[in-house]
Amino acid sequence: MPDRFLFRMTYFQNLQRYLADGRAFAKNHKDMQPGFRISFNDIVQRRGTALFTTPCNSNVNDFVPFYFSPVTKMAYTIHAGNVRLIDPEGKDLGTAQMQDVAYLVVKPATLFEGGRTCWFTDIACNSGIPPVYENQPEKLSTHIQWTLFDDTPKKAIITEIGYTGVCKWQHDRDEPVEHQMRSKRRMAEFMVKDYLSMDEVLCIILKNDAHLATVQGWINESGANIPVYVKPGCYF
């Protein structure tokens with residue numbers, strides 16, 4: 001099976017605080033950084049209710065969530081201009097732009113081997129259908145419907161880390177049968193408890209050069225050793 005990778009979207013300016021702190025904290029954590037938001041607040045709040053509880057009786061907002069590719073419905077929604085950019089004080093800054101989105105890329109093995117508390121699901125937690133949770137590393141190869149990720153045509157290849165990309169299509173269709181829930185299964189989640197350490201980040205992905213020097217400067221200031229790659233193919 002190919003190596004698997006995790007992708008977390010964030011507004012690029014949040015990287016400055018994450019790198020300075022050495023960690024990106026979960027939404028429910030007492031040290032959570034009040035950064036720029038590129039998400040739907042109603043979904044975030046709903047995920048904070050008792051309806052979204054992991055088998056270890058924690059809320060999903062106690063975890064830092066990832067997707068298994070950069071090509072997701074949420075990314076497309078931002079690309080389509082449907083998401084507002086909200087600053088740390090709650091001010092609406094207008095339509096969020098994908099060129100300002102950065103991806104933090106992590107390998108699941110890094111988190112498992114570090115002894116972190118992790119869960120992963122077969123569909124998005126907020127799909128409207130209860131997800132099935134797993135936390136055993138050996139189940140990762142079968143719990144996710146990888147054929148929907150590994151099909152062709154592919155995009156988002158990152159040769160520097162060995163990521164072979166993901167199928168560019170994620171919409172539902174009647175045939176074949178496994179595509180009837182393709183959009184939900186492609187939003188399967190991986191979650192790590194409490195925080196993501198910047199030491200666990202394999203690389204950072206940007207869409208173009210616009211923020212490259214700025215992000216590299218923050219990395220240098222923090223003393224971190226995280227490569228930054230410009231990969232427009234990871235974006236819509």
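The values are calculated or read from the model by the stated rules, or taken from the named source; none is laboratory data. Computed from a predicted model, the values in this text were never measured in an experiment. Because the Cβ atoms are built from the backbone with ideal geometry, glycine has one as well, and the counts that use them run over all protein chains shown.
Looking at (1) part of a loop (DSSP other than H, G, I, E, B); (2) under 26 Å from residue 144 (Cα atoms); (3) touching a helix residue (DSSP H, G or I) at 6+ places or on another chain (Cβ under 8 Å), which is the only condition residue 33 fails?
Every condition holds for residue 33 apart from (2).
Give me the pairs: first residue in segment 134-155 and more than 13 Å from residue 118 (Cβ to Cβ), second residue among the hydrophobic types (A, V, I, L, M, F, W, C) and in a helix (DSSP H, G or I), beta-carbon distance under 9 Å, and six or more apart or on different chains, which are they?
155/234
Could you list, in sequence order, all residues of segment 146-201 that are over 30 Å from residue 21 (Cβ atoms), surrounded by fewer than 20 Cβ atoms within 10 Å (Cβ to Cβ) and aliphatic (A, V, I, L, M)?
If the condition is that a residue be over 30 Å from residue 21 (Cβ atoms), surrounded by fewer than 20 Cβ atoms within 10 Å (Cβ to Cβ) and aliphatic (A, V, I, L, M), then 157, 177, 181 are the ones that fit.
Report yes if residue 40 is within 16 Å of the chain's Cα centre (by Cα), touching a residue at least 60 places away in the same chain (Cβ under 8 Å) and on the phi < 0 side of the Ramachandran plot, otherwise no.
Details: within 16 Å of the chain's Cα centre (by Cα): yes; touching a residue at least 60 places away in the same chain (Cβ under 8 Å): no; on the phi < 0 side of the Ramachandran plot: yes.
When the stated conditions are applied, residue 40 does not pass them.
One line per residue, one yes/no per condition, for (1) crowded, with 19+ Cβ neighbours inside 10 Å; (2) more than 20 Å from residue 208 (Cβ to Cβ); (3) in contact with a Pro (Cβ under 7 Å, 6 or more places away or on another chain):
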{"residue": "11", "(1), (2), (3)": "yes, no, no"}
{"residue": "45", "(1), (2), (3)": "no, yes, no"}
{"residue": "53", "(1), (2), (3)": "no, yes, no"}
{"residue": "111", "(1), (2), (3)": "yes, yes, no"}
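Matching residues to (1) closer than 22 Å to residue 38 by Cβ; (2) of a type outside the set (S, T, N, Q); (3) in contact with a helix residue (DSSP H, G or I) (Cβ under 7 Å, 6 or more places away or on another chain); (4) modelled with pLDDT under 95:
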site: 98; (1), (2), (3), (4): yes, yes, yes, no
site: 103; (1), (2), (3), (4): yes, yes, yes, no
site: 112; (1), (2), (3), (4): no, yes, yes, no
site: 119; (1), (2), (3), (4): no, yes, no, no
site: 144; (1), (2), (3), (4): no, yes, no, no
site: 177; (1), (2), (3), (4): no, yes, no, yes
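Please work out which residue is surrounded by the most Cβ atoms within 10 Å (Cβ to Cβ), limiting yourself to segment 20-30 and to residues that are touching a residue at least 12 places away in the same chain (Cβ under 8 Å) and assigned to a loop (DSSP other than H, G, I, E, B). Please lay out each step first, then the result.
Pass one, segment 20-30, residues touching a residue at least 12 places away in the same chain (Cβ under 8 Å): 20-29.
In the following step, the residues that additionally are assigned to a loop (DSSP other than H, G, I, E, B) were identified as 22, 26-29.
Working: 22: 13, 26: 22, 27: 17, 28: 14, 29: 17.
Here the answer is 26.
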